[in-house]
Each structure stands twice: as C-alpha cells, then as structure tokens.
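*Asks:* Please see the structure below; I have some questions.
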Amino acid sequence: QVQLVESGGGLVQAGGSLRLSCAASGIIFSIHAMGWYRQAPGKQRELVADIRSGGSTKYADSVKGRFTISRDNAENTVYLQMNSLKPEDTAVYYCNANILRLGFINSLNYWGQGTQVTVSS
C-alpha cells in the first residue's frame with residue numbers, strides 16, 4: 001500500500017506565499033516523477049509543476065518564476081514553494097507520484113487527497 005499525504009494548504013492574501021509538502025509512504029522501491037496538479041471549480045485538473053528523479057523540472061507557464069518545485073529523495077517528499085500568489089491560483093492542489101513498489105515490475109501513478117489553496121484579493 002502506498003500513500004501520498006499532503007500538507008501546507010490554506011488561506012493567504014494575494015502576494016503572499018505558501019509551501020506545500022507531499023510525503024510518500026509504503027514499501028517503495030523507487031519514485032520516478034513527482035508533481036503537483038491543481039483543479040479550480042468548474043475547470044479541468046492541470047499540471048502545475050513536476051520534477052524527475054534526476055532533478056529536471058517542468059512548470060506551467062502561469063506559475064513560472066513564482067513557484068518552485070523540489071524533492072527530497074531520501075524522504076520520498078516533494079515540495080511546492082508558491083510565492084507571489086494570485087487569486088487565480090485558488091484551487092485544490094493534488095500531489096502525484098509515479099512509484100515502483102518493491103517486488104513489482106511496473107510503476108503506477110498515485111494521487112494525494114488534495115489540499116485547498118485559497119488566495120484572497
């Protein structure tokens with residue numbers, strides 16, 4: 001059993017900062033990509049940022065220069081530092097990880113339960 005547990009969401013004023021964390025637990029052999037997605041009311045879930053095991057990153061255009069994704073491979077944890085937040089960043093943020101469990105051949109995508117981020121104007 002693998003679980004992704006997120007923390008760090010909340011309410012912040014425009015221009016403020018938040019840091020999201022997501023820790024993977026379970027009998028894990030390796031984790032490939034880890035990332036953050038978000039879903040605003042009435043919209044599709046979209047990629048915010050992801051990071052590969054080697055450290056390469058990808059960001060949505062809307063967050064470039066404001067958000068930074070990082071990971072601690074020893075702790076199986078991914079972070080999202082969000083600065084200069086805007087009201088349009090308001091959404092439920094979901095952690096995603098592609099994980100190979102010990103004893104298995106194929107990796108699977110896992111999702112966290114989601115954490116609400118609300119940015120007031």
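*Asks:* If I build a Gaussian network model for the chain, linking alpha-carbon pairs within less than 10 angstrom, which residue out of Asn73, Asn106, Asn83 has the largest mean-square fluctuation?
*Replies:* Asn106
*Asks:* Sequence gap at least 6, Cα distance under 8 Å: using those rules, report the relative contact order of region 47-121 to the nearest whole percent.
*Replies:* This gives 22 percent for region 47-121.
*Asks:* If we count every other residue with Cβ under 12 angstrom of Ala33's Cβ, Lys/Arg +1 and Asp/Glu -1, where does the sum land?
*Replies:* Taking every other residue near Ala33 into account, the sum is +2.
*Asks:* Determine the sum of side-chain charges near Val119: Lys and Arg each +1, Asp and Glu each -1, restricted to other residues whose C-beta is under 10 angstrom from that of Val119.
*Replies:* With Lys, Arg at +1 and Asp, Glu at -1, the net is -1.
*Asks:* Counting only the backbone N, which residues of region 77-111 are under 17 Å from the spot 7 Å out from the Cα of His32 toward its beta-carbon?
*Replies:* So the set is 96-111.
*Asks:* What is the percent carbon and sulfur in the accessible area of region 1-114, measuring with a 1.4 Å probe over the protein chains and ignoring ligands? If you can, show how the numbers build up before the last one.
*Replies:* Working: 2980 of 6180 Å².
Percent of accessible area from carbon and sulfur atoms in region 1-114: 48.
*Asks:* Please report the antiparallel percentage of DSSP beta bridges with both residues in the chain, rounded to the nearest 5.
*Replies:* About 90 percent, rounded to the nearest 5.
*Asks:* What are the trypsin sites (Lys or Arg not before Pro) within region 1-86 that DSSP puts in a loop, where the Cβ has at most 13 other Cβ atoms within 10 Å?
*Replies:* Answer in residue order: Lys43, Lys64.
*Asks:* With a 10 Å cut-off between alpha carbons and a GNM built on the chain, which of Val48, Val78, Val63 moves the most?
*Replies:* Comparing Val48, Val78, Val63 in the GNM, the peak value goes to Val63.
*Asks:* Counting Lys and Arg as +1 and Asp and Glu as -1, what is the net charge of the other residues whose Cβ lies under 15 Å from the Cβ of Ser62?
*Replies:* +2
*Asks:* Skipping prolines and chain starts, which residues have an amide H placed within reach, meaning under 5 Å, of the one on Phe67, given they are 5 or more residues away or on another chain?
*Replies:* Distant-sequence amide H within range of Phe67: Asn83.
*Asks:* Taking the solvent-accessible surface of protein heavy atoms with a 1.4 Å probe, what is the per residue accessible area of region 1-85 in Å²? Don't skip to the answer; put the middle values down first.
*Replies:* Details: 4560 Å² over 85 residues.
Solvent-accessible surface per residue comes out at 54 Å².
The values are calculated or read from the model by the stated rules, or taken from the named source; none is laboratory data. Everything numeric in this text was worked out from a predicted model, so none of it was measured. Virtual Cβ from ideal backbone geometry, glycine too; neighbours counted across all protein chains shown. Surface areas here come from the heavy atoms of the whole protein model, side chains and all, with no ligands, DNA or RNA. Shrake-Rupley method; radii C 1.70, N 1.55, O 1.52, S 1.80 Å.
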